[in-house]
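The values are calculated or read from the model by the stated rules, or taken from the named source; none is laboratory data. In this text the structure is predicted, and so the values were computed from the model without any measurement. No Cβ is skipped: glycine too gets one built from the backbone with ideal geometry, and neighbour counts run over all protein chains shown. With ligands, DNA and RNA removed, areas are computed over all heavy atoms of the protein, side chains included. Shrake-Rupley method; radii C 1.70, N 1.55, O 1.52, S 1.80 Å.
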Amino acid sequence: MELYQLSLKELIEGLKDKKFTRKEILVSFYTRIQKINPIVNAFLTVIGGNNWNDKEGELSGIPVGFKDIYVTKDIRTTAGSKVLENYIPQYNSTVVQKLVSKGATIVGKTNQDAWAHGSSGENSDFAPTKNPWNIDYVPGGSSSGSAVAVAAGMCPVAFGTDTGGSIRLPASFCNVVGLKPTYGRVSRYGIIAMASSHDSIGHFTRTVYDNALILNMTAGKDPCDATTSNTNVPDYTKNIKNGVKGLKIGLPKEYLAKGIDPNVEKIFKQVLQKYEGLGAKIIDISLPHTEYALAVYYIIQPSEVSSNLARYDGIRFGNDRNRFGQEAIRRIMLGTYTLSAGYYDAYYLKAMKVRTLLIQDFKKAYEKVDVIITPVSPTLPFKFGEKTDNPLAMYLSDILTVTMNLAGVPALSIPGGFVRGLPVGFQIVGPNFSEDLLYQVGYAYEQVTDWHKQKPKL
Ligand code: GLN
């Protein structure tokens, strides 16, 4: 086995046992990036071979990729948009700084939908990333490059952002593990804002255990982000092996309603059977306001987007407004409309009220069950161009993921199988700050399946 095929845990243990050196790891991954990136376009900026971080720490010798929406000191940060094509930040985001101070080497900045608007990667101003399982298909978005970088062995860990599904959807389409943490669990400081009350800062790994290891390093209060929580940060690997015997897993009936591809449903039912086999109890529940979630998201999110993107108006700083792509312009217009006098009450305020009802749906559900489980995407990965002319069809890709962002709850996407060679994931959703439980539930499934061990042939 090549070093680039190992998981984070295997790399860290191998280093400890002196099976290989830090340099050998980095060279293995750099070589892989040189070979594969021209095919899949996962990295917008690749950082050259000799630039490794020589700081001593838990992650010394470990290559890490960051979505190009994470501000990185002296490294170009575009957010996938031509507007920021030449932006070189002067500081690191909190999460980048935490990783770098533990010795991680940044191997590059990954491709994404511009400003994180999208579900397929096709809104990138620098050409889309391709799905390593079949390069005619989209990898999911908006954190496309990071999911592909991990799936294709270009780094064992990569970071994304999830505002409405942008970590979970590409994780599901690429057969990797992706976490959307509780809102406020991980600092947003230094991450270019999409919709500030939804943005969740998470990461992709090959295994559930690796994912927990990384959350141990990123979670916690940050004085630079007032929305981060003081809630205690446990060791997320501590209970991971406790299993699911007797655990109550909620199955919300609204998530298997019409519109779900029968292939996705079939895989999902197999996942449920596995959990039953492991001793969990599957309990039918209802999240009654689910049907309004997508509409609510596409009112509140563009409202916040229009506010956040107003700072790039370019009038004072010599940038041309035309540099914004179609999707950003669409959202700025929608958001400006929903916030304008006369429409604010009818749209924004109303949507905010329904948002509260969605939060209550989850609270009530967790009185009956420990976690909830649902598919991630209603469809299989789709082909390039299939949905680009129809924004509504594209927005429907997020119908099973946006609700968790509106409610702020954490969700973990796990590889659940394949249909015609294309990956299908499922998600485990928990109460606020229950990431340790999500890992425990995800890990139990991973031990009795080997989807996560499959590797794309590239
Ligand atoms: N696809 C969703 C959107 O376009 C979510 C994006 C995200 O999570 N960044 O808004």
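Observations on the structure shown:
- Restricted to the stretch 22-68, and to residues there that are free of Cβ contacts under 8 Å to residues at least 40 places away in the same chain and among the basic types (K, R), the residue that is nearest to L215 (Cα to Cα) is R22.
- No other residue among V305, V233 is out of contact with any strand residue (DSSP E or B) (no Cβ under 7 Å at 6 or more places or on another chain) and not acidic (D, E) apart from V305.
- Listed by position, the helices (runs of 4 or more DSSP H) contained in the stretch 371-458 that have at least 2 residues being open to solvent by less than 20 Å² (accessible area, probe 1.4 Å), farther than 22 Å from L215 by Cβ and more than 16 Å from the ligand (Cβ to nearest atom) form an empty set.
- Residue that is nearest to M194 (Cα to Cα) [pool: residues in the stretch 72-119 that are at pLDDT 95 or above and of a type in the set (D, E)]: D113
- Verdict on L357 being of a type in the set (A, V, I, L, M, F, W, C), closer than 22 Å to G408 by Cα and open to solvent by 60 Å² or more (accessible area, probe 1.4 Å): yes
- Restricting the stretch 97-156 to residues that are assigned to a helix (DSSP H, G or I) and within 19 Å of K82 (Cβ to Cβ), the residue that is nearest to the ligand (Cβ to nearest atom): A116
- Residue check: D68 meets all listed conditions (1) more than 18 Å from V95 (Cβ to Cβ); (2) open to solvent by less than 60 Å² (accessible area, probe 1.4 Å); (3) among the acidic types (D, E) but one, namely (1).
- Among the candidates D136, D125, D113, residue that is acidic (D, E), crowded, with 24+ Cβ neighbours inside 10 Å and in contact (Cβ under 8 Å) with a residue 24 or more places away in the chain: D113
- Among the residues of the stretch 266-304, those identified as open to solvent by less than 50 Å² (accessible area, probe 1.4 Å), in a helix (DSSP H, G or I) and not aliphatic (A, V, I, L, M) are F268, Y275, T290, Y297, Y298, Q301, P302, S303, E304.
- Flag for G314 being in a loop (DSSP other than H, G, I, E, B), touching a helix residue (DSSP H, G or I) at 6+ places or on another chain (Cβ under 6 Å) and modelled with pLDDT under 95: yes
- Counting the residues of the stretch 332-373 that are within 30 Å of F426 (Cα to Cα) and either touching a Lys or Arg at 6+ places or on another chain (Cβ under 9 Å) or among the aliphatic types (A, V, I, L, M) (or both) gives 13.
- Filtering G164, G160, G178 for residues that are open to solvent by less than 10 Å² (accessible area, probe 1.4 Å), part of a loop (DSSP other than H, G, I, E, B) and within 28 Å of R331 (Cβ to Cβ) leaves a single hit, G164.
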